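Just below is one structure, and these are the notes that go with it.
The values are calculated or read from the model by the stated rules, or taken from the named source; none is laboratory data. Quantities reported herein were computed from a predicted structural model and do not represent experimental measurements. Here the Cβ is made from the backbone with ideal geometry for all residues, glycine too, and neighbour counts use every protein chain on show. Protein only, heavy atoms only, side chains kept; ligands, DNA and RNA dropped before computing areas. Shrake-Rupley method; radii C 1.70, N 1.55, O 1.52, S 1.80 Å.
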Amino acid sequence: RDGRSFSEELFLEARGIVDRYALLSVEEMEAFDVFIEKLRSQVAADAQEDEILGDIPDDFLDPVMCTLMRDPVTLPSSKVVMDRSSIQRHLLSDQTDPFNRSRLTVDMLVPEEDLKRKIEEWLQEQKSKKLKT
């Protein structure tokens with residue numbers, strides 16, 4: 001969901017290069033076009049959600065990605081709460097807690113069910129407010 005890594009211009013430029021040098025079959029080119037359109041739709045949906053959410057409470061933000069946590073977990077040694085997807089990505093390349101370098105594996109993560117419930121309630125409240133305006 002990190003919008004910084006998507007550039008529609010780059011995808012369109014890549015499409016032009018692929019087309020110019022006939023690097024893909026017609027079917028593959030059609031699939032690539034569909035993929036580009038899905039990316040456009042997702043970027044638009046993300047922008048709309050950002051507008052609906054407005055200012056996210058600090059307690060709901062992942063400390064590394066600064067995005068809304070959807071599945072918060074506590075890292076057992078540092079006691080830092082972050083989104084499961086963020087820490088899982090980190091653990092793919094480094095099996096340590098990013099805050100204190102102690103050993104960490106996915107099965108050691110502690111789910112934060114109460115915080116997850118609060119985030120879900122806040123999300124619903126924000127969406128309800130937006131619908132009323």
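In the chain, carbon and sulfur make up what percent of the accessible area (probe 1.4 Å)? Present the calculation step by step, with values, prior to reporting the outcome.
On the way: 4930 of 9130 Å².
With neighbouring chains kept in place, the figure for the chain is 54 percent.
Couplings 3J(HN,Hα) for region 79-96, derived from phi with the Karplus relation 6.51 cos²θ - 1.76 cosθ + 1.60 (θ = phi - 60°), are 6, 7, 9, 8, 6, 4, 5, 5, 6, 5, 4, 4, 5, 4, 10, 8, 7, 9 Hz, where x marks Gly and Pro. Listed by chain and number, the lysines placed with their C-alpha closer than 18 angstrom to that of Lys127 are Lys116, Lys118; residues fewer than eight positions away on the same chain are left out.
Given a 1.4 Å probe, how much area per residue of the chain is accessible, in Å²?
Computed with neighbouring chains in place, this is 69 Å² per residue.
Counting 0.36 nm for each residue step from Val106 to Glu125 and taking away their Cα separation leaves a gain of 3.7 nm.
P(r) tail for the chain, what percent of Cα pairs lie past 18 Å?
That fraction is 66 percent.
Between Glu30 and Gln42, the modelled labels are 2.2 nm apart [label points 7 Å from Cα along Cα→Cβ].
With a sphere of radius 14 Å drawn around the Cβ of Val110, what net charge do the other residues whose Cβ falls strictly inside it have (Lys, Arg +1; Asp, Glu -1)?
On the way: positive: Lys79, Arg84, Lys116; negative: Asp71, Asp83, Asp97, Asp107, Glu112, Glu113, Asp114.
Result for the local shell: -4.
As a rough guide to protection, the peptides 120-127, 25-32 ranked by mean Cβ packing within 10 Å, highest first, stand as 120-127, 25-32. All other residues whose Cβ lies under 13 angstrom from that of Gln126 are scored, Lys and Arg at +1 and Asp and Glu at -1, for a net of -2.
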